[in-house]
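Derivation of every value follows stated rules applied to the coordinates shown; laboratory data play no part. All figures in this text were calculated on a predicted structure; none of them were measured in a lab. Here the Cβ positions follow ideal geometry from the backbone for every residue, glycine too, while neighbour counts run over all protein chains shown.
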Amino acid sequence: SDEDGVATPANWPENELIKDRVIIPPATDCETAKKRVEEYECFDWWFCHKEK
């Protein structure tokens, strides 16, 4: 996951919340946060995930 810049949740790939998806690190600015909400599935601007 370090090489791809993502994180894996607890119990991955059988996580109860996001299943086998990986977590995208939080955005560091507002513009990036807005883009991520459009590109990925997000619970909020700081918690987005995508397919592995």
For helix 30-39, what angle does its Cα long axis make with the longest principal axis of the chain, in degrees from 0 to 90 and rounded to 10? 50
Nearby lysines by direct alpha-carbon distance to Lys34 (threshold 23 angstrom, same-chain neighbours under 8 apart not counted): Lys50, Lys52
The simple spin-label model distance between Val6 and Asp44, using points 7 Å out along Cα→Cβ, in nm, is 2.3
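Tally Lys/Arg at +1 and Asp/Glu at -1 over every other residue whose Cβ is under 12 Å from the Cβ of Glu41; what's the total? Don't jump to the answer; show the numbers that get you there.
Values: positive: Lys19, Arg21, Arg36, Lys50; negative: Glu38, Glu39, Asp44, Glu51.
Residues near Glu41 contribute 0 overall.
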